[in-house]
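Right, one structure below, let's go through it.
Where a number appears in this text, it was derived from the coordinates with a stated rule and is not lab data. Since this is a predicted model, take the numbers as computed values, not measurements. Please note: Cβ atoms are built from the backbone with ideal geometry, for glycine as well, and neighbour counts cover all protein chains shown.
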Amino acid sequence: MLIAITAMALLAGAFGLLLGYASVRFHVEGDPIADQIDALLPQTQCGQCGYPGCRPYAEAVAKGEAEINLCVPGGETVMVSLADLLGRDPVPVEGGEAKPKAVAWIDPQECIGCTLCLQACPVDAILGAAKQLHVVLREECTGCELCLPPCPVDCIHMHPIATDLKTWKWPYPGTRPVAASAPTQVAAN
Amino acid sequence: MSVHRYPQPSGRSRRLWRFHGGVHLPDRKALSNTRPPLRAELPGRLILPLQQHIGEAAEPLVKAGDRVLKGQLIGRPRSYVSAALHAPTSGRVTAIEDHPVPHPSGLSAPCILIEPDGEERWAELPEPMPDFGTRDPAEIRERIRWAGIVGLGGAAFPASVKLNPGRPIHTLILNGAECEPYITCDDLLMRGRPEAILEGIPILLHLTGAERCLIGIEDNKPEAIRALYEAARGDERIEVVRIPTLYPSGGEKQLIYVLTGKEVPSNGLPADIGMVCHNVGTAAAIADAVLRGRPLISRLVTVTGGGVAQPGNFEALIGTPVADLIRQAGGYTGRGDRLVLGGPMMGFALSDDGIPLHKAGNCLLLPTPEEAPDPGSALACIRCGRCAEACPVNLLPQQLYWFARAKDLDRVQDFNLFDCIECACCAQVCPSHIPLVQYYRYAKTEIWERERERRQAEHARRRHEARQARLERLERERQARLRKKKAALAKPPAKGDDPRKAAIEAAKRRAAEKRAALAAQGKTPRNTENLTPAQRRQVEAAEARRAAAAGSDTQE
């Protein structure tokens, strides 16, 4: 009896030490799940999920504090991939359909150079200085619309990104492409 | 997947390999290959898309109103994988603007519009390089790049890039298979200008370092085989190979397998197995560029189908509107129900005939409803597996179809979607008329889009993090400054250490030193020496007042 208790106690102690050592030695900084979630998010930093950016939302989801359906720009795709990653059930995306992609554009006639939009932009995509004309770097703009509310003169407008030859996609079969279904002119000749 | 012996133009037989699947199609080539190619008339205007190739669009070098000469460089390649653009004739640039381009989307893209002046005056061309054998390959590649040559078989990949494989090459393959029905432009080129193709081969061999050249031609083109065989007889490096007619043996990887029995690895290039493959038309264009200093400004194009009155081939300038070509082919018969650029298997429909011919445009097809019947709406897949039997790449088209239909973009890649060459064999044999290739194309572009978005998201994340880091740093610096200021204020004024007192002391010291210095010179500091008479009067008045006051004081 005593031997058994001693043995168990010794074993427990040994494993405890081992685990304690391992938790120190193999300590992981940060939250790897949050990283994986963050990698799936569209990084618009728009805050439409109610968190101040994609990373905080990822952390909240990782902790189980937030639902996986809050990312509006990511839409269903992001929700489904989050559900896959976390083994949760898919839920309908809140906030409706994702808008078509757009970039901000500052009307040079109206901008007063107040720098408020500079401070709002999460990716430093607006260039300018006090009392100087501001301009949006199209390539860097994520279309988060965070610069719209602070503008005192409402001079920022969202311009949808036009499809060009490089970004054009074949439509899902059944939705016939415009080009392939317009033989009328040829036949008329 | 088998090896067999096949009779060759030399009279002997040769070992050839047979790829998996493929389909036998009625070739309908006799429609357009019975008369030699005609030179197309100069159109009223030329429309030159800046993007006619895989890679980045060319950068225009002219502006509206400029006069250009035939062969003048009007668009410069913007990056390594890009191609130059030349004026196909002399005339005036009327505009550089968006115009519908030959693309399945039917979208408009920037084009240079030229109004020909009919003079056909040539620009100054670079000197010919008949001595290419002694020149540096890089110099010849630069010439090919200048000439704006892209793969003329349909893919339009810049030729100079393909000729710089960076790996040892032992075999050059020339593709004269032309396996798609209706198309005959390569056939007529091989028949009409075999010497131009053969002039190109030594240049290609020199550039790639290959020892031998195989020219693969399907046996439904006996005249072309004969012509090239006769022309190449003297050169033992070149072998003209007659191959059985089977669609898609003109696919790059399929042709390599048929000729050599070697498979190009998945996601790989022919260069990985020591081979480079070019279309016969590209070889002729390279000969023109190197030996005659001529850029690529025209090409052979087949105009065919029951929808045109006199099908045939035309040597047409790049940028010629499709309507001009159809008019010269006798015009519309009214029976065609579509206008297709490319062949019936891999071509795409054009939305109107104002679209110009581009460098990759090998065929304009106007099929009648009898020639290309409308398959009607797709029925359910019955899992018959005929698509898998027909697939020349050994894929499982049915699986690809299910996953593409379910928009499962990860699983569809697990089944090697990107090895699909979109040859449409599977759709051709499908008894349910499912537009399989459309599903694959949809899935491919969707995956590219997803990749693009992922890259953009990653970029945005980095920028956001950089901004966060900057804001934190600024905040830290501000805090540090505040702390310093606070600490300075909070310090109790030590005795004799008060800065204000110290400053007063220092000023007193300075004044005393100054006085001492003046005293040493025997001067007393006076400021009453250079006074104006008015000031002096005021001083005297003040002195008088003072004296009077002193007098009155003593009186009291």
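The charge dipole of chain B, taken about its Cα centre with unit charges on the Cβ atoms of Lys, Arg (+1), Asp and Glu (-1) only, comes to about 3920 debye. From least to most packed, judged by other beta carbons within 10 angstrom and beginning with the fewest, B:150, A:123 follow the order A:123, B:150. Exposure proxy ranking for B:136, B:324, based on other Cβ atoms within 10 angstrom of each Cβ and starting from the fewest, stands as B:136, B:324. For residue B:262, the aspartates and glutamates whose Cα comes closer than 15 Å to its Cα, not counting residues fewer than 8 places off in the same chain, are B:252, B:272. One Cα centroid belongs to the stretch B:33-109, the other to the stretch B:503-553; the line between them spans 94 Å. Averaged over the residues of peptide A:159-171, the number of Cβ atoms from other protein chains lying within 10 Å of each residue's Cβ is 5. Comparing A:57, A:70, A:45 along the charge dipole axis of the stretch A:32-86, the residue lying farthest to the positive side is A:45, per the Cβ-charge model. About the centre of its Cα atoms, the stretch A:99-161 shows a dipole size close to 60 debye [charges on the beta carbon of Lys, Arg (+1) and Asp, Glu (-1) only; nearest 20 debye].
Put simply, the C-alpha atoms of the stretch B:65-193 give a gyration tensor, and the ellipsoid matching it has half-axes of 28, 22, 17 Å, longest first.
Residue B:298 sits among other residues whose Cβ lies under 11 Å from its own Cβ, and their net charge, with Lys and Arg +1 and Asp and Glu -1, is +3. Taking a ≥ b ≥ c as the square roots of the Cα gyration tensor eigenvalues, with a/c under 1.5 meaning rounded and otherwise prolate when a/b beats b/c, else oblate, which class fits the stretch A:99-161? It is prolate, given that a/c is not under 1.5 and a/b is the larger ratio.
For the residues of B:442-453, the average number of beta carbons from a partner chain within 10 Å of their own beta carbon is 3. Computed over chain A with a Gaussian network model linking Cα atoms closer than 10 Å, the most mobile of A:57, A:21, A:172 is A:172. Between residue B:536 and residue B:491, the C-beta separation translates, for a Förster distance of 45 Å, into a calculated FRET efficiency of about 0.30.
Inter-chain neighbour count for B:324-332: the average number of beta-carbon atoms from partner chains within 10 Å of each residue's beta-carbon is 1. Between the stretch B:410-449 and the stretch B:154-205, how many Å separate their Cα centres? What the calculation gives is 27 Å, centre to centre. Between the residues A:163, B:208, B:457, the greatest Cα displacement towards the positive end of the dipole of the protein assembly as shown, with unit charges on the Cβ of Lys, Arg, Asp and Glu, is found for B:457. Summary of packing: across the peptides B:5-11, B:267-273, B:19-25, the per-residue average of other C-beta atoms within 10 Å ranks them, highest first, as B:19-25, B:267-273, B:5-11.
Net charge in the neighbourhood of residue B:476 (other residues with Cβ under 12 Å of its Cβ; Lys, Arg +1, Asp, Glu -1) is +2. By the Cβ rule of 4.7 Å, chain A holds the following cysteines without a possible disulfide partner: A:49, A:54, A:71, A:111, A:114, A:121, A:141, A:151, A:155.
Extent along the principal axes, Cα only, for the protein assembly as shown: 153, 107, 56 Å, with the longest axis given first. The alpha carbon gyration tensor of the stretch A:32-86 gives principal lengths a ≥ b ≥ c with a/c below 1.5, which makes the shape rounded.
Shape class for the stretch B:358-490: prolate, because the ratio a/c of the largest to smallest gyration tensor axis (alpha-carbon atoms, square roots of eigenvalues) is 1.5 or more and a/b beats b/c. Determine the sum of side-chain charges near residue B:465: Lys and Arg each +1, Asp and Glu each -1, restricted to other residues whose C-beta is under 15 angstrom from that of residue B:465. Local net charge: 0. Along the positive direction of the dipole of the protein assembly as shown (beta-carbon charges: Lys, Arg +1; Asp, Glu -1; about the Cα centre), which of A:172, A:148, B:198 reaches farthest? Farthest towards the positive pole: A:148. In this structure, the pairs whose alpha-carbon distance is over 24 Å, taken from A:101/B:162; A:169/B:253; B:484/B:508; A:101/B:359; A:99/B:407, are A:101/B:162; A:169/B:253; B:484/B:508; A:101/B:359.
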